[in-house]
């Protein structure tokens, strides 16, 4: 089989979605399945939907358009603030978009009028992580302006934590989001159907908090795809952490000195992995590198140690293992590694269902030439 490749187990993804949807439903929280790490792959999106996610959410309109072309039947959310230049495409393909800028919302309104459509808006509020969001003191004026826009419906309020500064969701910031929601409804006489508390980093808070206030939606990608809690960087009990694995092939196996020799100059990819602990290393090279994956995010499945990587070589200490050229080695991935591997056209994507291969190709998403999703 082609290497390098991602092996994507659709049953395990569906299982993870099912477990999370059921657990969060007990708290009154619906799940939006985030497809951005998979380039909006329709088969992965379908696995999430079979697992019970309420909507599909993506940060790229190109991915949403790809899912539309593949006839994925779901409400689609654009969860990155739209570009002004893409307003018509956003209104045409996405049911709802998450927004922070009145200028953009006004352009979405004009696009919706041109296309004869109505478009939903979730207004994002800044709660401390310092990525996207309107400052809380500006929310009321922003909402007043949104409510004057034609063909636009303000359906909810949202927030994002943990992605830029690592700020954790807690009773204080989630309570503030709830309080803002209630105050807006009272002031403007509206009903906000969605209070989107955040992403996979919010999951542990939501499941363990004694009260979650008005929060009734979370946007989950990493937790579903990798079975991981990104805030704690720990596996979620009951979920598969190997729903997606990376397989790479050995192209060289040599015994070499652990220390290089000669004058040392600049290297494009500074060594950031484990040092060799012996004078001589049983060194294997695999045909994958920074162009394909974030090497720091790889978790070897066998007793090897990643030493370093260049653009298209991964160097590992293979002491005590039989890794002749042609040997395939599998790795678990963190979210950064998954994002880059999914994006690389050099990494094949192989879908597995009940242990059987049901399709694979070199790209997925909006620019894929293959339609074998």
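Points worth noting:
- Restricting 80, 89 to those that are over 21 Å from the mean Cα position of the chain (by Cα) and free of Cβ contacts under 8 Å to residues at least 60 places away in the same chain reduces the list to 89.
- With respect to being in the same structural domain as residue 125 (by TED's automatic domain parsing), under 30 Å from the mean Cα position of the chain (by Cα) and either at pLDDT 95 or above or not in a helix (DSSP H, G or I) (or both), residue 150 falls outside the description.
- Of all the criteria given as (1) crowded, with 24+ Cβ neighbours inside 10 Å; (2) in a helix (DSSP H, G or I), the one not satisfied by residue 57 is (2).
- For the residues 156, 128, the requirement of being within 16 Å of residue 192 (Cβ to Cβ) and either in the same structural domain as residue 47 (by TED's automatic domain parsing) or crowded, with 19+ Cβ neighbours inside 10 Å (or both) singles out 156.
- Among the residues of the range 177-208, those identified as under 19 Å from residue 140 (Cα atoms), out of contact with any strand residue (DSSP E or B) (no Cβ under 8 Å at 6 or more places or on another chain) and not in a loop (DSSP other than H, G, I, E, B) are 179, 182, 183, 185, 186, 187, 188.
- Scanning the range 242-263 turns up one or more residues that are touching a strand residue (DSSP E or B) at 6+ places or on another chain (Cβ under 8 Å), surrounded by 20 or more Cβ atoms within 10 Å (Cβ to Cβ), assigned to a loop (DSSP other than H, G, I, E, B) and at pLDDT 95 or above.
- The residues in the range 82-126 that are in contact with a strand residue (DSSP E or B) (Cβ under 7 Å, 6 or more places away or on another chain) and either part of a helix (DSSP H, G or I) or within 17 Å of residue 219 (Cα to Cα) (or both) can be counted, and the count is 20.
- Restricted to the range 317-373, the set of strands (runs of 3 or more DSSP E) holding at least 3 residues that are at pLDDT 95 or above comprises 328-333, 348-353.
- Given (1) part of a helix (DSSP H, G or I); (2) surrounded by 18 or more Cβ atoms within 10 Å (Cβ to Cβ), number of the condition residue 296 does not satisfy: (2)
The values are calculated or read from the model by the stated rules, or taken from the named source; none is laboratory data. Because the structure is a prediction, the values reported are computed rather than measured. Please note: Cβ atoms are built from the backbone with ideal geometry, for glycine as well, and neighbour counts cover all protein chains shown.
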